[in-house]
1. Filtering the stretch 432-468 down to residues that are at pLDDT 95 or above and among the acidic types (Asp, Glu), which residue is surrounded by the most Cβ atoms within 10 Å (Cβ to Cβ)?
2. Could you check the stretch 137-151 and list, in sequence order, the residues that are in contact with a Ser or Thr (Cβ under 8 Å, 6 or more places away or on another chain), crowded, with 24+ Cβ neighbours inside 10 Å and either among the acidic types (Asp, Glu) or under 26 Å from residue 435 (Cα atoms) (or both)?
3. Which one of these does residue 260 not meet: (1) surrounded by fewer than 22 Cβ atoms within 10 Å (Cβ to Cβ); (2) within 20 Å of residue 331 (Cα to Cα)?
4. Against the condition in contact with a Lys or Arg (Cβ under 8 Å, 6 or more places away or on another chain) and among the hydroxyl-bearing types (Ser, Thr, Tyr), how does residue 135 come out, does it pass?
5. Assuming residue 233 fulfils every condition listed in (1) assigned to a loop (DSSP other than H, G, I, E, B); (2) over 18 Å from residue 287 (Cβ atoms); (3) at pLDDT 95 or above; (4) under 27 Å from the mean Cα position of the chain (by Cα) apart from one, which condition is it?
6. Say we look at the stretch 176-216 and pick out the residues that are closer than 30 Å to residue 451 by Cβ and among the polar types (S, T, N, Q); which of these is surrounded by the most Cβ atoms within 10 Å (Cβ to Cβ)?
7. Check off (1) assigned to a loop (DSSP other than H, G, I, E, B); (2) of a type in the set (D, E, K, R); (3) not assigned by TED's automatic domain parsing to the domain that holds residue 178 for residue 337 and give me the number that stays unchecked.
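The values are calculated or read from the model by the stated rules, or taken from the named source; none is laboratory data. The structure displayed is predicted, hence computed values, not measured ones. Note that each Cβ is placed from the backbone with ideal geometry, even for glycine, and that neighbours are counted across all protein chains shown.
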Amino acid sequence: MRNTLATLALAAVAALMLSACNGGSGSSAIAPVPNAPAASEHGRAHRNDTGPASLHAGGADFPAFAYNDETQPVGSYNQYQAPPPAGTVFYAAPTTGTIYYCINSSGDGRKAFEDNGDSGFPPTGPCAALNASPTGFGGRQDPLDFVGTAVALPSTECCGPGSPYYIHRDEGTTTWGQPFEIPQIGGLISLPYVASEYNVTPIKLSTWSLCAIANGTIGNWDDPALTKDNGGNALVSASEPITFYYRSDSSGTTYNFIYWLNTECNQTFGAPYNGSPYASPSRSAAWTGAVGSSWTGPTGNQASGSDFIGVSGAPAIAADVQSTAYATGYLEGSYAKAAAKPALAQAWVQDGPYSPHKGAPPFGDPTNHNDLVHAFANVTASDIDYGVGSDGNSLNSSTPWCQLYIPNSSFVTPTTANSYPIVGISYLLFYGQNNGLHTADKKTLITFVEGSSAAHIEKGYEYTALNTSIETAVLNALAGNSSQAACLQ
């Protein structure tokens, strides 16, 4: 009888592990990321969460492949939760406790961090499977130890008196202090597609054409502009409408993609993009949607033939592009890189507009790590706006040196040749005053993610570490000095 119960228990654990790794229904067929770092790199054995030492976090899916290889810690802390696998940043971090990162979205992460509007998915609620509606973060306590977000805190959320963060986290008998916000990792936003459905691969998209796809002007893959982009080679043999998947949740990926569209699509295009087969009186590439974390572009069927469909999370976009003929969308490149059965290719995107003096710019390759590195080559600590929100307004923080924000304007138009142009920076949010909760481990984690070991791991995925001057600025803020208090205590 005892052996039978043990067998059943092991079977139950195995089922939970399989559920945690595979996510919910409709999740993308994911394979290990090619060329990911070896499991032995700085790795160590992690135990399950059987005590209070483990760290619980969550939020943005944008950086999640580097953090935990899309391994979702489904369930609650007192159940089995899948730990980060070997070869990932959070596995390699030399913390005492295991780091469980529940993947959902930037908006959900900030809500949990601020304790504002998260009643339906609180920090202590169970972490949902990938692609399922949020139910919580699987945390041991409220608040979480930290969260990830691919768009920095705006002034409407933090940090002065009257802001949601101040009301819920920074006043009362127990204060969590002003936030410590650090720019941690750079990634790219790619346009995935199933290569076997097209006559040409890689598909190349000029700036004009990508803008025209995103705003619904180009609705078919046989559009002459796309044929022109690809050296006169038709992408498809017959008219095939474009199905475009966008994020229906509050997403930092959406914010960064729309910021690029708003910047690059509203320029004055020169030849050849100001005439046939590109622009005409009835064909414009202009972007008219507002910049924000929610999709503000077209929805549903368009007169051009395309269909815009909203889904929640990058894993859902990858899965739906895999299962829908002639589909694309936007997501962080690692999700496309890891997709299998069928594999997803990623479109090359033109690095900037046409110049009459330099001619047509080259196309950036999202699968070439150097093209991502070049996109951030000139982003340094001098670009940090301390104490400023993502909306460009002051956060009214009492510790502005602890909120390190890098405006998208610093990287939206890369100035280094051979860059992949659509990129974003993801942030980690910690509390300034941690009330003795995992304080040493949080300092250890920050020091690790700002170092060379984490950078080496990130390189194995479609991410890049930021300039060393930015990492130094983060570590200086962590330590404090004679005139500025340490940002994490």
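1. Going through the qualifying residues, I end up with 458.
2. Once the filter is applied, which keeps residues that are in contact with a Ser or Thr (Cβ under 8 Å, 6 or more places away or on another chain), crowded, with 24+ Cβ neighbours inside 10 Å and either among the acidic types (Asp, Glu) or under 26 Å from residue 435 (Cα atoms) (or both), the stretch 137-151 yields 137, 138, 139, 148, 149.
3. Every listed condition holds for residue 260 apart from (1).
4. Spelling it out, it is not the case that residue 135 is in contact with a Lys or Arg (Cβ under 8 Å, 6 or more places away or on another chain) and among the hydroxyl-bearing types (Ser, Thr, Tyr).
5. (4)
6. Once the filter is applied, the top-ranked residue is 190.
7. (1)
Results for (1) more than 24 Å from residue 204 (Cα to Cα); (2) over 22 Å from the mean Cα position of the chain (by Cα), shown as yes or no for each residue.
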site: 361; (1), (2): no, yes
site: 368; (1), (2): no, no
site: 430; (1), (2): yes, no
site: 434; (1), (2): yes, yes
site: 440; (1), (2): yes, yes
